[in-house]
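Here's the structure, in structure tokens; my notes come after.
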Amino acid sequence: MDCPKCAHQQTDTVKCASCGIYFAKFAQQQALIASRSGAAHDELPDSGFGWSALALTAILSAALAWYVLRGRATSPATPALPASAASGAAQTGAAPPAPSAPSAPSAPSAPSAAGSFPHALRGLEAQLAKTFPARNAIETARNATVFIKTGWGMGSGFIIDADCHVITNRHVVETDGARVANTVVSSAEMRARIAVIEQQLRANIGQQLQLRRSLAGQPGTNLQVIEIDDRIQAMKEELADLPARVNHAISEKVEGSSRSGFTAMVVDGTEFSSLHAQYADNRDLAIFQLPADHCPHLEPGSSGTLAQGERLYTIGNPSGLAYSVTSGVFSGDRGAGHERFLQTDAPINPGNSGGPLIRENGEVVGINTLVLQGAQGIGFAIPIEAVYQEFLQLRAPRH
């Protein structure tokens with residue numbers, strides 16, 4: 001099994017040989033953390049009855065966080081391809097258009113991210129240039145990056161043209177609850193977490209059986225014995241279908257959130273809600289359009305011209321820290337065609353998925369997508385060229 005804390009692989013299901021945690025205690029701690037964060041549940045009784053309800057809340061939160069940044073335990077030379085999108089996906093657009101961001105008066109032109117000729121700023125671009133004036137190409141790219149919030153997670157995206165089309169990962173804005181649930185529950189990390197909960201349930205059942213035996217033959221304990229029997233039966237039922245319950249809970253959470261769409265926020269806090277996305281057929285990509293005009297946007301670069309060791313930057317919202325910039329270098333190309341990825345050691349953390357991987361001049365060369373599980377400094381981005389192959393409504397750049 002994989003340790004739910006450090007991902008160390010081992011056969012021992014009691015204690016991690018790498019970080020030293022006891023799996024059962026770790027699961028209890030995660031459940032209590034989830035309870036303090038405001039998740040709806042019953043108080044944990046001394047008997048252990050209802051413990052699995054808390055654990056299910058904890059594992060649901062952990063599962064959805066994992067899905068937003070899906071680490072893959074694969075060879076660095078051949079990273080696994082994100083699951084391809086189903087055909088016939090929903091079309092782009094925010095149903096009935098929300099009021100667009102107020103257009104600011106034309107502002108003085110500013111240097112563009114990729115060094116193109118200055119132009120008079122209008123619409124959302126002028127608004128952001130006024131409230132968050134860019135002092136370099138990276139800050140110019142920041143103004144074209146969006147923070148995405150769904151009912152079950154968060155991620156990043158970036159505006160790719162003046163018509164306000166936004167690119168992100170499909171798994172950031174996924175609305176297929178069954179697809180998300182099946183992906184999560186089948187992962188090694190989630191199976192390990194479920195195994196820990198199952199182990200604790202068995203221990204709780206054992207404690208209740210021992211308590212029942214200690215009450216055998218004692219006068220006036222019939223009602224207490226009946227209550228213990230009810231607890232044991234309930235925990236046995238929970239143990240019997242725990243993976244199915246986790247699957248159902250994840251599916252319901254995602255499906256419920258998808259009906260109202262998701263929200264995208266730009267750097268000055270302006271929000272666009274009730275958004276829906278179109279999915280790519282072959283890559284972990286999605287596109288949607290902001291109900292605004294004259295958006296700041298990133299200029300696409302050529303990922304094929306990247307040199308190993310070239311400085312790269314990521315802009316995103318790691319762990320909710322909005323518009324954080326991190327940097328690293330281009331480590332190399334991995335795979336080819338629909339399986340081609342850009343490898344980088346620029347940190348890609350939960351909340352960064354879907355954000356841009358950019359050069360020092362502000363050109364976007366990739367979409368931050370996944371990390372190698374159990375390793376540090378190994379992240380992968382989908383080349384920017386894939387966006388124009390998947391979404392034909394965009395105008396392909398000329399290099």
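In table form, for the structure just shown:
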quantity	calculated
Qualifying residue in segment 229-242 (condition: at pLDDT 85 or above and outside any helix (DSSP H, G or I))	no
Criterion: open to solvent by less than 60 Å² (accessible area, probe 1.4 Å), closer than 28 Å to PHE132 by Cβ, touching a residue at least 24 places away in the same chain (Cβ under 8 Å) and not acidic (Asp, Glu) - qualifying residue of PRO296, PRO243	PRO296
Hits in segment 153-170 - residues which are open to solvent by 20 Å² or more (accessible area, probe 1.4 Å) and over 14 Å from LEU298 (Cβ atoms)	GLY153, MET154
Verdict on SER303 being under 27 Å from ALA162 (Cβ atoms), open to solvent by less than 10 Å² (accessible area, probe 1.4 Å) and among the polar types (S, T, N, Q)	yes
Some residue of segment 275-287 being open to solvent by 40 Å² or more (accessible area, probe 1.4 Å), in a strand (DSSP E or B) and modelled with pLDDT under 95	yes
Only listed residue being assigned to a strand (DSSP E or B), open to solvent by 10 Å² or more (accessible area, probe 1.4 Å), free of Cβ contacts under 8 Å to residues at least 40 places away in the same chain and among the small types (Gly, Ala, Ser), chosen from SER327, SER331, SER319	SER327
Of residues in segment 355-383 being open to solvent by less than 10 Å² (accessible area, probe 1.4 Å) and among the small types (Gly, Ala, Ser), the one nearest to VAL267 (Cα to Cα)	GLY355
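The values are calculated or read from the model by the stated rules, or taken from the named source; none is laboratory data. Please read all numbers here as calculations on a predicted model, not as lab measurements. Methodologically, a virtual Cβ is constructed for each residue, glycine included, from the backbone with ideal geometry; neighbour enumeration extends over all protein chains shown. Note: areas computed on protein heavy atoms with side chains; ligands, DNA, RNA excluded. Shrake-Rupley method; radii C 1.70, N 1.55, O 1.52, S 1.80 Å.
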